[in-house]
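Let me begin by presenting the structure, written as structure tokens, before commenting on it.
The values are calculated or read from the model by the stated rules, or taken from the named source; none is laboratory data. Computed from a predicted structure; not experimentally measured. Positions of Cβ are generated from backbone atoms using ideal geometry, with glycine treated the same way; all protein chains shown enter the neighbour counts. These accessible areas exclude ligands, DNA and RNA; they are computed on the full protein's heavy atoms, side chains included. Shrake-Rupley method; radii C 1.70, N 1.55, O 1.52, S 1.80 Å.
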Amino acid sequence: MRYLLDIKLRNAVYEFQYLSGKTGFKSISKNRPCCIADNGIVLGVNDACDKFNICAAEPLNEALLKCADLCNEEPKFDVLKKYSVKFFDICSRFGLVNALAFDECLLEVDDVEITDIYSCMLDIEETLKSELGTDSFVEVVDNSEQNINPYSASADWSAFAIQQLAAELHLKLSVDNAGAKMFSVQVSDCDGFIRTIDRRVELPFNDFDMICFIIKNMLDGETNISRITVNLYDIHLNREEAKTSPKVDSVAKKYRKKPPWQYQKYNDLLTKTINANKLYVYDNLAEYLKYNPDNLDFNKLCAIAEKSNTRRLKLGSYYLSADYAEKFVSLCEAQKSNHIKVLINGYIPFVLLYHIKEACRADFYYTNLDSRTVNLIEKLDALSPYPLLDLKPADSIDYDFILSGTPDVQYKSKYKVFIVRKSFFASAEKDAVAKNKIVQIFDFGEHGINGTYDQFVAILTDESQSPDTTEVLDLEDNYSVIQNQKYITDDKLPCWVLYRNDKFDSVYSKLEFNIFNVCSSNQIKQRDYNPRGDIRVISSACIDNERNVNVDEKCKFAQSKDIDKYDVFEYANRDDVFFAAANGTALKIARKPKGCVPNPSTVLLVPKGDVAITEKDIEFLSSPEFKSFYDVALNHQCFTLSSGSISQYFLGKTVASA
């Protein structure tokens with residue numbers, strides 16, 4: 001009897017790269033969340049990511065919000081190809097293989113009785129586990145239901161659907177070193193109708209940005225979308241790169257204050273250079289750094305290398321400003337000696353390394369650094385006016401000084417510097433760092449590391465001493481303050497508060513915190529808007545600084561029947577909950593009128609349990625006193641109101657009115 005089996009490897013992208021040994025994950029604790037990501041999309045994760053609910057196909061920026069110190073690296077397509085071939089070879093012993101993807105296939109098995117098919121499936125799973133080292137799923141399928149195009153991807157419609165599809169197709173093409181010339185997009189609308197749109201391009205390519213561009217253009221004008229499937233045909237192996245590319249917009253800074261003129265001009269120049277030369281493609285970037293055709297100064301070359309190398313992150317396209325690197329090196333207590341032995345653990349801004357080299361003639365070693373980044377540094381070395389970095393692989397356990405993008409370092413050193421996002425202050429990893437003396441904390445502020453909504457700090461620790469005092473340095477406003485370490489890392493607070501002072505303590509002592517649940521409205525899509533709707537959809541622009549919701553021409557409308565399936569609709573006709581801007585620097589809160597729901601720029605604050613919120617409480621949350629307290633509580637960073645966030649926790653009410 002003939003059976004058709006669908007064989008799918010579990011988490012193949014991550015497992016293949018981990019098993020190959022060509023990764024920095026081998027030296028990282030298995031309890032540390034790690035992922036493979038490319039073009040801002042997570043492609044594979046380890047088991048530790050389950051704790052944070054991080055999974056493949058989600059945007060990397062959302063994964064980083066769930067776990068601030070998620071370790072990620074790019075996929076190695078040669079490794080995936082090698083293991084994919086081995087996977088198909090093993091499966092071919094059991095029958096005829098039809099590839100669905102590099103990690104999935106259909107297997108035609110003949111002359112197997114119905115009583116033996118499940119034993120055969122178990123045998124396949126055990127063979128793959130023993131010889132390939134990965135788990136798999138094997139099930140009997142109906143041939144008529146299968147799409148055997150190996151260059152196909154499907155996704156439910158969302159804000160990130162196109163990027164998700166492009167990342168999956170880019171991965172499949174890159175593993176085979178192939179390019180596609182024919183696109184077929186199948187669109188399913190909310191009424192069950194299916195439409196197919198075809199488009200042919202002149203040259204075969206697998207460039208992520210071009211795939212996004214083609215799909216977006218094919219969907220131009222489409223609004224009623226439920227699910228989308230993209231099939232690629234006319235596949236060319238060893239493809240020739242397309243010679244043209246659409247203009248790629250710079251990373252949006254929707255919620256960020258406009259930076260000072262000099263930073264804006266500098267960033268615009270870098271973005272223009274990157275887009276004009278397609279430097280977000282690694283080979284183009286390496287070639288550009290080799291010849292420097294625009295005769296840029298070295299600091300600009302470092303910034304372009306960083307900005308292009310981090311562009312694969314949705315939060316990314318960021319770089320460290322050279323003047324901030326110079327400030328850090330001149331003030332850092334760990335760099336007062338010459339000829340020190342420095343270990344780089346993971347990605348560290350290039351310009352910072354060169355300033356350290358010039359200041360103390362350090363010898364640099366590296367670990368957990370991908371080959372592309374090492375190659376870029378070698379290209380920069382050839383143009384550097386500074387002493388050459390001359391990176392070498394880590395060759396011992398002990399170093400004078402360690403620079404790391406994560407506190408999880410397996411090497412020993414008197415001094416360690418961790419360059420992390422400020423969200424680290426509320427993470428579980430902070431407790432281990434607080435056990436040692438924190439010598440200095442460098443706050444890069446809003447413009448130290450440009451191109452990302454997040455703000456970064458550098459934490460200098462001395463493991464040979466016990467906690468005492470800590471110097472907090474604001475590199476943006478050029479001032480410092482000496483704090484008691486246990487005072488700013490107080491475990492009674494939900495996070496570290498670097499600029500804690502008497503005024504902060506005064507407000508903190510009279511408030512009751514963690515009184516709201518946050519309900520966001522990311523479910524409401526553009527297709528839900530209807531000018532004849534009976535429910536107003538409120539944006540953050542409708543909330544003024546006087547705690548009023550302005551129901552005017554800025555509002556949009558939706559039909560109850562179209563949005564009653566969403567969580568926020570439960571509160572549509574309630575007026576005992578509150579609107580608040582979801583992101584920003586200016587906290588705006590107002591009582592919600594009936595007949596309204598929030599749009600994605602706004603959230604609902606829902607009082608917990610029997611907590612009663614009065615107009616006096618809302619007035620206090622809008623007062624200069626509370627806003628000053630809130631700014632210190634968030635360490636001078638913009639807030640993002642979401643469930644479980646520190647921004648949510650510190651919205652409090654006076655105990656007297658509780």
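In this structure, is L473 within 21 Å of K430 (Cα to Cα) and surrounded by 15 or more Cβ atoms within 10 Å (Cβ to Cβ)? Give the steps one after another, and end with the answer.
Numbers: within 21 Å of K430 (Cα to Cα): yes; surrounded by 15 or more Cβ atoms within 10 Å (Cβ to Cβ): yes.
When the stated conditions are applied, L473 passes them.
Return the residues of the range 494-511 that are over 26 Å from E333 (Cβ atoms) and either surrounded by 14 or more Cβ atoms within 10 Å (Cβ to Cβ) or touching a helix residue (DSSP H, G or I) at 6+ places or on another chain (Cβ under 8 Å) (or both); say none if nothing qualifies. If the condition is that a residue be over 26 Å from E333 (Cβ atoms) and either surrounded by 14 or more Cβ atoms within 10 Å (Cβ to Cβ) or touching a helix residue (DSSP H, G or I) at 6+ places or on another chain (Cβ under 8 Å) (or both), then P494, K503, F504, V507, Y508, K510, L511 are the ones that fit. Tell me yes or no: at least one residue of the range 32-49 is assigned to a helix (DSSP H, G or I), farther than 26 Å from M121 by Cα and open to solvent by 40 Å² or more (accessible area, probe 1.4 Å). No, the range 32-49 contains no residue that is assigned to a helix (DSSP H, G or I), farther than 26 Å from M121 by Cα and open to solvent by 40 Å² or more (accessible area, probe 1.4 Å). Across the range 204-225, the number of residues qualifying as farther than 24 Å from Y529 by Cβ and in contact with a strand residue (DSSP E or B) (Cβ under 7 Å, 6 or more places away or on another chain) comes to 4. From the list N522, N550, N545, which one is surrounded by fewer than 17 Cβ atoms within 10 Å (Cβ to Cβ) and under 29 Å from the mean Cα position of the chain (by Cα)? Only one candidate qualifies: N522.
Looking at the structure I just gave you, is D528 buried (at least 17 other Cβ atoms within 10 Å of the Cβ) and touching a residue at least 12 places away in the same chain (Cβ under 8 Å)? Criteria met by D528. Against the test of being of a type outside the set (D, E, K, R) and within 30 Å of V568 (Cα to Cα), the options F516, F504 yield a single qualifying residue, F516.
Taking the criterion of being under 27 Å from the mean Cα position of the chain (by Cα) and at pLDDT 75 or above, the residues of the range 194-217 that qualify are N206, D207, F208, D209, M210, I211, C212, F213, I214, I215, K216, N217. Only one of the numbered conditions (1) under 13 Å from the mean Cα position of the chain (by Cα); (2) open to solvent by 40 Å² or more (accessible area, probe 1.4 Å) is violated by K22, and that is (1).
Check A305, A286 and return the single one that is surrounded by fewer than 19 Cβ atoms within 10 Å (Cβ to Cβ), aliphatic (A, V, I, L, M) and under 18 Å from V374 (Cβ atoms). Testing whether each residue is surrounded by fewer than 19 Cβ atoms within 10 Å (Cβ to Cβ), aliphatic (A, V, I, L, M) and under 18 Å from V374 (Cβ atoms) leaves just A286. Listed by position, the helices (runs of 4 or more DSSP H) enclosed by the range 459-570 that each have at least 1 residues that are of a type in the set (S, T, N, Q) and over 21 Å from A434 (Cβ atoms) are 502-509, 560-563. Examine the range 21-30 for a residue that is modelled with pLDDT of 85 or more, over 28 Å from I646 (Cα atoms) and not in a helix (DSSP H, G or I), and state whether such a residue exists. The answer is no; no qualifying residue exists.
Might you let me know whether the range 84-106 holds any residue that is closer than 26 Å to V457 by Cα, touching a residue at least 40 places away in the same chain (Cβ under 8 Å) and open to solvent by less than 20 Å² (accessible area, probe 1.4 Å)? Scanning the range 84-106 turns up no residue that is closer than 26 Å to V457 by Cα, touching a residue at least 40 places away in the same chain (Cβ under 8 Å) and open to solvent by less than 20 Å² (accessible area, probe 1.4 Å).
Scanning for something among the polar types (S, T, N, Q), in contact with a Pro (Cβ under 8 Å, 6 or more places away or on another chain) and open to solvent by less than 40 Å² (accessible area, probe 1.4 Å), does the range 402-422 turn up at least one residue? No; the residues of the range 402-422 include none that is among the polar types (S, T, N, Q), in contact with a Pro (Cβ under 8 Å, 6 or more places away or on another chain) and open to solvent by less than 40 Å² (accessible area, probe 1.4 Å). Of the residues making up the range 389-407, those that are assigned to a loop (DSSP other than H, G, I, E, B) and over 14 Å from E463 (Cβ atoms) are L389, D390, L391, A394, D395, S396, G405, T406.
Look at (1) loosely packed, with under 15 Cβ neighbours inside 10 Å; (2) touching a Ser or Thr at 6+ places or on another chain (Cβ under 8 Å); (3) under 22 Å from S647 (Cα atoms) and you find that N514 fails only one, number (2). Scanning the range 360-388 for residues that are assigned to a helix (DSSP H, G or I) and not aliphatic (A, V, I, L, M) yields C360, S371, R372, T373, N375, E378, K379, D381. The residue of the range 50-60 that is nearest to the chain's Cα centre (by Cα), among those that are outside any loop (DSSP other than H, G, I, E, B) and surrounded by fewer than 20 Cβ atoms within 10 Å (Cβ to Cβ), is F52. Screening the candidates F94, F88 for the property of being of a type outside the set (S, T, N, Q) and assigned to a helix (DSSP H, G or I) yields one hit, F88. Considering F160, F183, F137, F193, the condition of being open to solvent by 30 Å² or more (accessible area, probe 1.4 Å), free of Cβ contacts under 8 Å to residues at least 60 places away in the same chain and not hydroxyl-bearing (S, T, Y) is satisfied by F193 alone. In the range 560-583, the residue that is farthest from the chain's Cα centre (by Cα) out of those that are open to solvent by less than 10 Å² (accessible area, probe 1.4 Å) and under 23 Å from L511 (Cα atoms) is V577.
Among the residues examined, L65 qualifies as within 25 Å of V420 (Cα to Cα), open to solvent by 30 Å² or more (accessible area, probe 1.4 Å) and in a helix (DSSP H, G or I). Contact map, the range 1-30: first residue within 28 Å of Y347 (Cβ to Cβ), second residue modelled with pLDDT under 75 and assigned to a loop (DSSP other than H, G, I, E, B), Cβ cut-off under 7 Å, separation 6 or more or different chains; pairs are Q17/T23.
Kindly provide the set of residues from the range 348-359 that are in a helix (DSSP H, G or I) and surrounded by 20 or more Cβ atoms within 10 Å (Cβ to Cβ), ordered by number.
Taking the range 348-359 and keeping what is in a helix (DSSP H, G or I), we get 350-359.
Of everything in the range 348-359, those that are in a helix (DSSP H, G or I) and surrounded by 20 or more Cβ atoms within 10 Å (Cβ to Cβ) turn out to be F350, V351, L352, L353, Y354, H355, I356, K357.
Within the range 423-457, the set of residues being closer than 23 Å to D477 by Cβ, open to solvent by 20 Å² or more (accessible area, probe 1.4 Å) and over 21 Å from the mean Cα position of the chain (by Cα) comprises V439 only.
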